[in-house]
Amino acid sequence: QSIADMVSELRREQKKSSRVVRPSPTDSITAQPSTTGDTPVVVSGKTQKNRIIALGALGVVVVLAAVAVYMFAGRSQPIDSLAVLPFEDVGASSDQEYLADGVTESIINNLTKISSLRVIPRSTAFRFKGKESDIQEIGSKLNVAAVLSGRISHHGHALDVQVDLIDIKRESQLWGKSYRSSVTDLLSLQEQITEDVSSKLGIGLSSETRENLTKRSTENTQAYQLYLQGRYYWNKRTAVALERAVDYFDQAIALDSTYALAYCGLADCYIVQSQYAGTPTSITIPLTQKAARRALNLDNSLAEAHTTLAFSYFEEWKYQEAEKEFKQSLSLNPRYATTYHWYNILLVRTGRLDEAWPIIQRGHELDPFSPIIMLNVGIVPLLRGQFEEALTYFKQTIELDPSVAVGYAWAGLTNYLLKNYAEAQVQLEKALELSGRSSECVGYLGYFYGKRGMREDAMKLLKENEERYRVGTGSAYNIARIYAGLGDKEKVLEFLDRDFHDNSTWITSLNEDYMWDDVRSEPRFVELTRKVGLVK
């Protein structure tokens with residue numbers, strides 16, 4: 001039970017070996033000279049050899065026991081938190097990168113099903129992709145007990161995978177294993193890795209949990225590969241990438257019409273196309289709901305599909321239906337950070353700040369390195385008039401990811417409210433640059449220019465947004481923002497009314513935007529908030 005016990009046992013065996021042994025007549029005899037002047041000890045050659053072998057074997061056991069005690073001392077408790085880092089893609093062409101990403105994401109999603117295990121979300125884990133970082137440092141930064149890392153190398157259709165589980169507290173490897181598989185057997189490979197890892201965590205799993213860990217949504221390996229490619233491009237969040245993702249999900253469904261996760265992937269693409277591709281919600285909402293409902297008809301336990309369906313209801317201003325779906329999602333998977341993020345948006349925009357705060361805080365706890373969740377944490381104190389506190393969160397958003405345009409946009413707007421005009425201008429112009437001149441950031445900067453008396457600059461941005469609205473890649477809401485900066489109340493109300501008739505998601509931000517303070521008491525504005533269903 002301890003190294004001390006082993007040492008005591010070894011000493012007892014050593015004493016036994018020094019006793020006089022009476023040889024049998026058939027034994028060969030050797031005399032061992034005495035070093036003390038006593039009668040020599042007579043030992044049989046065969047017996048002496050057996051004892052040497054036994055002592056050698058015992059020594060090996062002691063060494064192995066010492067290693068085991070060293071590695072697992074202090075690990076009396078099971079591993080309760082884990083980060084799965086993006087598997088390294090070794091020597092593969094760029095069109096095979098989706099395999100490493102997909103296997104990693106699948107393992108994360110499966111291990112999340114263990115209720116007693118906190119698994120770092122994909123959005124945070126993938127921030128370390130391609131970076132030369134020390135695993136101990138990553139584990140400490142993420143505050144997890146263990147880190148799982150892996151490498152995938154390709155040899156034609158063959159795959160070699162090396163997986164290592166590192167104990168952060170002990171700074172040692174708990175377990176490692178090499179796998180050889182083929183691309184056509186990818187489902188079995190990820191299931192085997194999931195099963196092996198879960199068995200090494202020291203967590204008692206129910207038979208139901210074990211079954212859920214390796215539950216398949218499809219038996220078609222080719223459909224599964226297409227699904228992984230769809231998720232790979234969905235995660236890029238660009239208009240072109242989303243189109244490719246839709247195509248891959250469609251191909252997966254063509255091979256397996258009962259593939260629930262592929263329908264969920266389609267719904268996830270459509271729900272963000274209005275934001276990243278400028279597609280009108282009149283087009284995206286029906287497509288989102290059709291795909292999400294099909295996914296749930298096939299598998300009603302998919303929390304992600306419930307969340308996506310909920311947000312589509314929110315975009316339709318059906319707040320009660322949305323809230324019901326958000327709560328259903330949380331009951332199925334209380335660790336899905338996106339549910340807290342999107343549910344928080346509903347609560348904030350309908351004026352329920354006291355309810356929103358613990359929701360977004362929980363989302364932040366689950367995914368502390370998500371820039372967009374950090375941004376939303378700051379919006380609650382901003383709407384409470386706590387500008388300095390809000391600015392702290394927006395600065396942290398920028399620190400987490402300096403490429404996130406909206407982090408600079410909200411920091412700039414908050415600095416404007418704090419009358420830090422020079423800093424506000426720098427940040428708003430940076431947001432415009434990083435966003436690729438998105439309609440949203442054009443609106444923010446145009447508002448600022450108008451308020452600061454830079455009328456000519458504001459008018460240029462106004463024309464830019466009006467042209468985008470004309471061709472269907474911008475919203476009337478972001479035109480109204482610039483008119484608010486220019487002080488034209490009539491035009492503000494005109495374009496907000498247009499946004500309402502366009503069934504835009506932006507119109508749900510009426511209570512959230514400080515830009516409407518000059519028209520907030522106008523009867524037409526009050527009526528507009530009533531028609532959208534927004535109450536403070």
(message) Using just the Cα positions, wrap the stretch 463-536 in a convex hull and report its mean projected area in square nanometres, one decimal place.
(response) 4.6
(message) Calculate the FRET efficiency for Ser153 and Val240 from the Cβ-Cβ distance with a Förster distance of 22 Å, rounded to the nearest 0.05.
(response) 0.15
(request) Evaluate E = 1/(1 + (r/R0)^6) for Gln396 and Thr473, where r is the Cβ-Cβ distance and R0 equals 35 Å; express this FRET efficiency to the nearest 0.05. (result) 0.65
(message) Could you check the spin-label model distance between Glu219 and Glu195? Points 7 Å from the Cα along Cα→Cβ, value in nm.
(response) 1.7
(request) Only Lys, Arg, Asp and Glu count, each charged at its Cβ (+1, +1, -1, -1), so figure out the dipole size of the stretch 424-474 about its Cα centre, rounded to 20 debye. (result) 100
(request) Show which aspartates and glutamates lie in cross-link reach of Lys324 when reach means a straight Cα distance below 17 angstrom and same-chain residues fewer than eight apart are skipped. (result) Glu304, Glu315, Glu316, Glu355
(message) For the stretch 107-263, compute the orientation-averaged projected area of the C-alpha convex hull (one quarter of its surface), in nm².
(response) 10.3
(message) Under 5 Å between amide hydrogens, which residues at least 5 positions from Glu88 or on another chain qualify, with H placed 1.01 Å from N in the peptide plane?
(response) Gly150, Arg151, Ile152
(message) Need one number: the % of Cα-Cα pairs in the stretch 184-230 sitting beyond the 17 Å mark.
(response) 40
(request) Could you run the Karplus curve 6.51 cos²θ - 1.76 cosθ + 1.60 with θ = phi - 60° over the stretch 381-394 and give me ³J(HN,Hα) per residue in whole Hz, x for Gly and Pro? (result) x, 4, 6, 8, x, 8, 5, 5, 5, 4, 4, 4, 5, 5
(message) Sorting check: for 235-244, 371-380, which peptide has the highest mean count of neighbouring beta carbons within 10 Å, and how do the rest follow?
(response) 371-380, 235-244
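No value in this document is a laboratory result; all are computed from the given coordinates. Remember, predicted model here, so these are calculated numbers, not experimental data. Backbone-built Cβ (ideal geometry, glycine too); neighbour counts: all protein chains shown.
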